[in-house]
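**Q** Just dropping this structure here.
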Amino acid sequence: MSKLPSLLLGAASMLLLVLNTLFWCACLFVLALVKLLLPVPALRVRLDAALNAIAHAWIACNSTWLAWTHREPWDVQIDAALNPRGWYLVNSNHQSWVDILVLQRVFLGRVPMLKFFLKQQLIYVPVIGLAWWALDFPFMKRHSSAALKARPELRLQDLETTRRACRKFAQIPTSVMNFAEGTRFRAYKHQAQGSPYDHLLKPKAGALALALNVMGSQFQSLLDVTIVYPDGVPTFWEFACNQRSRVIVRVRELPIPAQFCAGDYGGDERFRDEFQQWLSQIWADKDAQIEALQRSA
């Protein structure tokens, strides 16, 4: 398929994605309805495993059509001994919606299914928003700085959402995925932030700290992922058309300091400073790695 004309290839890719999504979501919604109508804890655990299996099949099919449509092999190096039955906290830089397809393909069969923290508005995305809900993806309410100053109690909403989600994640092997930048990298955002990094926005430590506070001792490690598109960051359509399709991925496994699994990020200023310093060092290393990978590509 990669030899098809660009526009035809893009149309075929999008059609495959839509048909694959509709088929597996139809299967998923049937079990999600049972889960909703029969809230029995023992049954829910089995249903969650079945729902994750359906999502795994959807990802596997997506990975197959990506292999059909992309002629350039991806440059992937994983410096970790991964366990598909383990628990991982996964962190990555974020540039495009394509990042999600890349992460799913790279980790397919290597770690449990990735569960993302999503913006509340994404629950309204047709079909897939309902699927995310059925799979227990946590939806976070993003409040402005002004709103938080006026009503500090709003911070507790995301805290409780994270706690509920992580309690569910603790019942079945899960990879909790977080984009620490909180949004996709854009030059104007980088300039507005005054980011000290050349290729990254400033990392936001709150979601990582909350996840570690709730189930940190259960995580085997932190998987730090760096994604680089040597030919420029593709839009979803460009990627479907096999344009800017070269992908470089580096994964390294980092130990999680024990003290970060029990501290109070919101209430302990010293703990918060230490946690931010730890994440800032990871981000500095990532920034240097991106620079090196872009130069050598």
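**Q** In segment 69-149, how does Rg compare with the Kirkwood Rh, expressed as the Rg/Rh ratio over alpha carbon atoms?
**A** Rg/Rh for segment 69-149 comes to 1.03.
**Q** Which pairs break 20 Å Cα to Cα here: K204/K286; K119/K286; K168/K286; K189/K286; K168/K204?
**A** Result: K119/K286; K168/K286; K168/K204 exceed 20 Å.
**Q** What's the Kirkwood radius of segment 218-275 in Å, using all Cα pairs?
**A** When all Cα pairs of segment 218-275 are included, the Kirkwood radius is 14.6 Å.
**Q** Less than 11 Å Cβ to Cβ from R250, Lys/Arg counted +1 and Asp/Glu -1: what total charge do the surrounding residues give?
**A** With Lys, Arg at +1 and Asp, Glu at -1, the neighbours total -2.
**Q** Only helical DSSP H runs with n ≥ 4 go in: add -39500 (n - 2.57) per run for the chain, normalise by residue count and round the 222 nm mean residue ellipticity to 500 deg cm²/dmol.
**A** -16500 deg cm²/dmol
**Q** Report the full-extension gain for the segment S63 to K168: residue separation times 0.36 nm, less the Cα-Cα distance, to one decimal in nm.
**A** Extra length available between S63 and K168 comes to 35.1 nm.
**Q** Among the complete DSSP H segments of the chain, which ones combine at least 20 Å of alpha-carbon extent along their axis with a mean Kyte-Doolittle hydropathy of 0.5 or more?
**A** Length and hydropathy pass: 6-37, 41-69.
**Q** Dipole of the chain (Lys/Arg Cβ +1, Asp/Glu Cβ -1, origin at the Cα centre): which of I59, W24, L254 lies farthest to the positive side?
**A** Projecting each Cα onto the dipole axis, the largest value belongs to W24.
**Q** How many nm separate the modelled label positions at N83 and L4, each set 7 Å beyond the Cα in the direction of the Cβ?
**A** The modelled label-to-label distance comes out at 4.2 nm.
**Q** Can you tell me the relative contact order of segment 73-296? Whole percent, Cα pairs under 8 Å, sequence separation 6 or more.
**A** 29
**Q** Let me ask something else. Scale the Cα Rg of segment 159-297 by the rule-of-thumb value 2.2 N^0.38 Å and send over the ratio, two decimals.
**A** 1.16
**Q** Could I get the Rg over Rh figure for the chain? Both from C-alpha atoms, Rh via Kirkwood, rounded to two places.
**A** 0.95
The numbers here are math on the coordinates, done by the rules we state, and not lab data. Note that the structure is a prediction, hence the values are computed from the model and not measured. Note that each Cβ is placed from the backbone with ideal geometry, even for glycine, and that neighbours are counted across all protein chains shown.
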